[in-house]
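Below you'll find the structure I mean.
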């Protein structure tokens with residue numbers, strides 16, 4: 001026991017979230033990295049540029065003139081058989097939107113980090129998850145990380161899944177709260193990663209290659225078009241199980257023990273059959289967990305895979321509670337929050353309420369969560385906290 | 001003699017006599033088999049790739065209307081990583097994707113000095129969607145978004161002083177100068193009236209290290225209101241009348257073409273304009 005502990009300790013470093021992600025990406029060894037650094041970005045792409053400049057990277061680094069171009073560049077590289085990476089945030093993601101849809105429609109295994117931040121107007125550079133919600137149904141698998149360790153692991157998983165089932169993956173990390181935060185992180189070395197995620201080799205006949213020419217992005221008549229959307233939908237449904245299998249395989253190879261009620265889709269934290277379950281995604285889970293620990297009969301459901309949404313599995317885990325409080329950092333004008341709507345499908349007789357908070361970086365504190373638990377009955381269906 | 005493999009086959013869905021597809025044939029004759037094409041949304045994409053068919057025997061990709069330059073950058077980066085310096089990357093786009101919506105992305109590609117040949121088939125309008133005005137539409141052309149007003153209708157409403165008698169009020173954007181301002185080492189202009197000139201320019205562009213830009217005037221049968229056998233003739237007249245002279249710049253210097261004599265131009269101006277429905 002003692003020995004294992006020592007090895008683990010050596011591998012852990014105090015790193016900024018962005019740095020941890022950049023180091024992991026380098027160890028995943030993509031072929032092409034392209035990004036635009038401004039609207040607004042994180043240190044991820046700066047770090048990747050520095051790693052390249054220091055001669056420590058094997059990837060091609062292409063400086064793009066906009067996020068729209070960056071997304072199009074990685075699209076082109078991916079279509080030409082490369083493992084690719086990009087990162088963006090907020091307005092940058094919105095500018096990419098057309099390409100985001102195109103990448104998934106073309107079934108390209110692109111992986112991207114989304115440092116979640118608020119959307120303008122009013123202009124704000126702080127964290128919330130409205131950017132992710134704007135493209136949640138665009139045909140990308142969406143992971144959400146609670147902390148930087150989870151973010152690191154989700155990136156490794158992302159490549160395996162993307163390349164296996166030809167669906168792009170976006171790893172969501174809360175802007176500032178995670179990307180700019182220094183915490184303890186274990187960075188996996190390339191050798192270990194390779195055991196789970198082998199070097200990428202696109203299959204002949206599936207990428208642009210003059211030895212075996214193909215046509216990509218052809219014009220489809222209605223019957224072909226719908227079929228292609230239907231295929232993507234079905235593959236998304238199949239992905240639910242595949243993501244979970246790969247998740248457990250990954251942690252086995254990485255040497256991590258996974259606790260009960262923790263899987264690729266979610267983590268259930270707290271007493272079995274708790275009266276109240278608080279559902280959320282991302283870094284705010286830390287706050288909620290810390291409060292729940294002190295409360296009786298309260299559990300936390302952390303959603304890690306938001307798309308595809310594992311409705312059945314979530315239905316099972318929520319079955320015995322009475323109250324469901326969905327806390328989310330995004331607002332949908334004219335209806336309930338996106339996470340609420342998804343959870344609502346998976347609930348039976350429980351009372352479910354929606355709590356919108358953390359917009360534009362507004363803090364969600366333990367006291368806010370405590371109040372939700374205490375006054376649950378008094379709250380309306382949708383509340384701003 | 002070695003039989004040449006057809007790089008774009010017949011049987012596509014373009015209009016009979018299409019100026020663009022005629023120009024594409026000349027381009028494809030000049031391209032090597034070891035070429036990857038990134039195509040913008042437009043007539044060329046729609047008419048050549050009705051899924052599950054494709055007229056292309058070279059690797060070909062279409063992503064969006066305004067991004068083939070960036071897609072080409074991505075392809076080139078992938079090739080670089082594969083240590084492949086032989087395969088050529090060529091962009092094909094229309095004037096809407098080039099002069100208007102894709103302009104910023106092209107500027108980025110040229111700034112990076114990448115070895116990509118960009119070919120713009122200039123139909124002087126958004127032909128694929130019904131002949132709307134683009135930044136490449138010349139002054140005075142009537143298009144579906146810069147139509148000339150109806151004289152009879154305005155008389156009824158007594159609004160003839162407000163009528164648009166011109167058609168397009170704006171001057172054609174000078175993409176050639178924009179390319180030259182980016183220090184693109186090879187910049188050329190030609191028309192569908194000169195198949196061999198297209199062939200030669202593409203060949204030359206491929207020999208150049210760094211970006212190359214070729215802009216080909218491609219008369220559009222329905223858009224320009226010309227007959228199906230007139231694309232080549234109108235393409236020739238465009239040059240002869242000085243509306244669209246043949247040009248070739250190497251490192252910023254004009255090395256061939258240029259304006260024809262005033263005399264030649266005068267002789268052909270009227271024929272060029274009168275042949276077309278868009279200037280009536």
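The values are calculated or read from the model by the stated rules, or taken from the named source; none is laboratory data. Owing to the predicted nature of the structure, the values given are computational and were not obtained by experimental measurement. Glycine also receives a Cβ, built like all others from the backbone with ideal geometry; neighbour counts cover every protein chain displayed.
Under the condition of being more than 11 Å from chain A (Cβ to nearest Cβ) and closer than 28 Å to residue A:200 by Cα, which residue from the range B:84-112 is surrounded by the fewest Cβ atoms within 10 Å (Cβ to Cβ)?
B:85
Of A:302, A:315, which residue is touching a helix residue (DSSP H, G or I) at 6+ places or on another chain (Cβ under 7 Å) and over 30 Å from residue A:361 (Cβ atoms)? Walk me through how you get there before you give the answer.
Working: A:302 fails: over 30 Å from residue A:361 (Cβ atoms).
Only one candidate qualifies: A:315.
Might you check whether a residue that is within 20 Å of residue B:24 (Cα to Cα) and within 14 Å of chain A (Cβ to nearest Cβ) occurs anywhere in the range B:130-150?
no
Give the residues of the range B:53-79 that are surrounded by fewer than 24 Cβ atoms within 10 Å (Cβ to Cβ) and more than 7 Å from chain A (Cβ to nearest Cβ), sorted by residue number.
Once the filter is applied, which keeps residues that are surrounded by fewer than 24 Cβ atoms within 10 Å (Cβ to Cβ) and more than 7 Å from chain A (Cβ to nearest Cβ), the range B:53-79 yields B:53, B:55, B:65.
Here's another thing I want to ask about it. Scanning the range A:106-118 for residues that are assigned to a loop (DSSP other than H, G, I, E, B) and more than 10 Å from every other protein chain (Cβ to nearest Cβ), which turns out surrounded by the fewest Cβ atoms within 10 Å (Cβ to Cβ)? Can you show your working first?
Initially, the range A:106-118 is screened for residues assigned to a loop (DSSP other than H, G, I, E, B), giving A:106-110, A:117-118.
This time we only want the ones that are more than 10 Å from every other protein chain (Cβ to nearest Cβ), so: A:107, A:109-110, A:117-118.
Values: A:107: 19, A:109: 23, A:110: 28, A:117: 31, A:118: 26.
Among residues in the range A:106-118 that are assigned to a loop (DSSP other than H, G, I, E, B) and more than 10 Å from every other protein chain (Cβ to nearest Cβ), the one surrounded by the fewest Cβ atoms within 10 Å (Cβ to Cβ) is A:107.
Which of the residues that make up the range A:313-335 are assigned to a loop (DSSP other than H, G, I, E, B), farther than 19 Å from residue A:282 by Cα and touching a strand residue (DSSP E or B) at 6+ places or on another chain (Cβ under 8 Å)? Before the answer, list the steps.
First, the residues of the range A:313-335 that are assigned to a loop (DSSP other than H, G, I, E, B): A:319-322, A:329-335.
Subset that is farther than 19 Å from residue A:282 by Cα: A:319-322, A:333-335.
Residues satisfying the conditions are A:321, A:322.
Residue check: is residue A:162 in contact with a strand residue (DSSP E or B) (Cβ under 7 Å, 6 or more places away or on another chain), part of a helix (DSSP H, G or I) and touching a residue at least 24 places away in the same chain (Cβ under 8 Å)? Walk me through it before giving the result.
Working: in contact with a strand residue (DSSP E or B) (Cβ under 7 Å, 6 or more places away or on another chain): yes; part of a helix (DSSP H, G or I): yes; touching a residue at least 24 places away in the same chain (Cβ under 8 Å): yes.
Against the criterion (in contact with a strand residue (DSSP E or B) (Cβ under 7 Å, 6 or more places away or on another chain), part of a helix (DSSP H, G or I) and touching a residue at least 24 places away in the same chain (Cβ under 8 Å)), residue A:162 qualifies.
When the residues of the range B:13-30 are filtered to those that are away from every other protein chain (no Cβ under 11 Å) and assigned to a loop (DSSP other than H, G, I, E, B), which remaining residue is nearest to the chain's Cα centre (by Cα)?
Start the filter on the range B:13-30 by keeping residues that are away from every other protein chain (no Cβ under 11 Å), which leaves B:14-30.
Of the ones still in play, those that are also assigned to a loop (DSSP other than H, G, I, E, B) are B:14-18.
Working: B:14: 15, B:15: 16, B:16: 18, B:17: 16, B:18: 12 Å.
Selected residue: B:18.
Among the residues of the range A:175-188, is any outside any loop (DSSP other than H, G, I, E, B) and within 14 Å of another protein chain (Cβ to nearest Cβ)?
Going through the range A:175-188, the residues outside any loop (DSSP other than H, G, I, E, B) turn out to be A:182-186.
Checking which are within 14 Å of another protein chain (Cβ to nearest Cβ) leaves us with none.
The answer is no, given that none of the residues of the range A:175-188 is outside any loop (DSSP other than H, G, I, E, B) and within 14 Å of another protein chain (Cβ to nearest Cβ).
From the list B:41, B:47, which one is within 12 Å of another protein chain (Cβ to nearest Cβ) and not in a loop (DSSP other than H, G, I, E, B)? Please lay out each step first, then the result.
Working: B:41 fails: not in a loop (DSSP other than H, G, I, E, B).
Sole residue among the options that is within 12 Å of another protein chain (Cβ to nearest Cβ) and not in a loop (DSSP other than H, G, I, E, B): B:47.
Is it the case that residue A:370 is in a strand (DSSP E or B) and at pLDDT 95 or above?
Details: in a strand (DSSP E or B): no; at pLDDT 95 or above: yes.
No.
Next question. Determine if the range B:260-267 includes at least one residue that is modelled with pLDDT of 95 or more, buried (at least 17 other Cβ atoms within 10 Å of the Cβ) and in a loop (DSSP other than H, G, I, E, B).
At the first step, the residues of the range B:260-267 found to be modelled with pLDDT of 95 or more are B:260-267.
Narrowing further to those that are buried (at least 17 other Cβ atoms within 10 Å of the Cβ): B:260, B:265.
If we keep only those that are in a loop (DSSP other than H, G, I, E, B) as well, we get B:260.
Yes, that holds for at least one residue.
Which of the helices (runs of 4 or more DSSP H) contained wholly in the range B:68-181 include at least 3 residues that are closer than 19 Å to residue B:27 by Cβ? Spell out the reasoning first.
Numbers: elements: B:68-81, B:103-111, B:151-157, B:175-181.
By residue number, B:68-81, B:175-181.
So the check is Cβ under 7 Å with 6+ separation or different chains; which pairs have a first residue in the range A:197-218 that's within 11 Å of chain B (Cβ to nearest Cβ) and without any contact (Cβ under 8 Å) to a residue 60 or more places away in the chain and a second one that's in a strand (DSSP E or B) and surrounded by 18 or more Cβ atoms within 10 Å (Cβ to Cβ)?
A:210/B:35; A:210/B:36; A:215/B:56; A:215/B:60
To continue, here is another question. Among the residues of the range A:46-105, how many are surrounded by fewer than 24 Cβ atoms within 10 Å (Cβ to Cβ), more than 14 Å from chain B (Cβ to nearest Cβ) and assigned to a loop (DSSP other than H, G, I, E, B)?
Adding up the residues that qualify gives 3.
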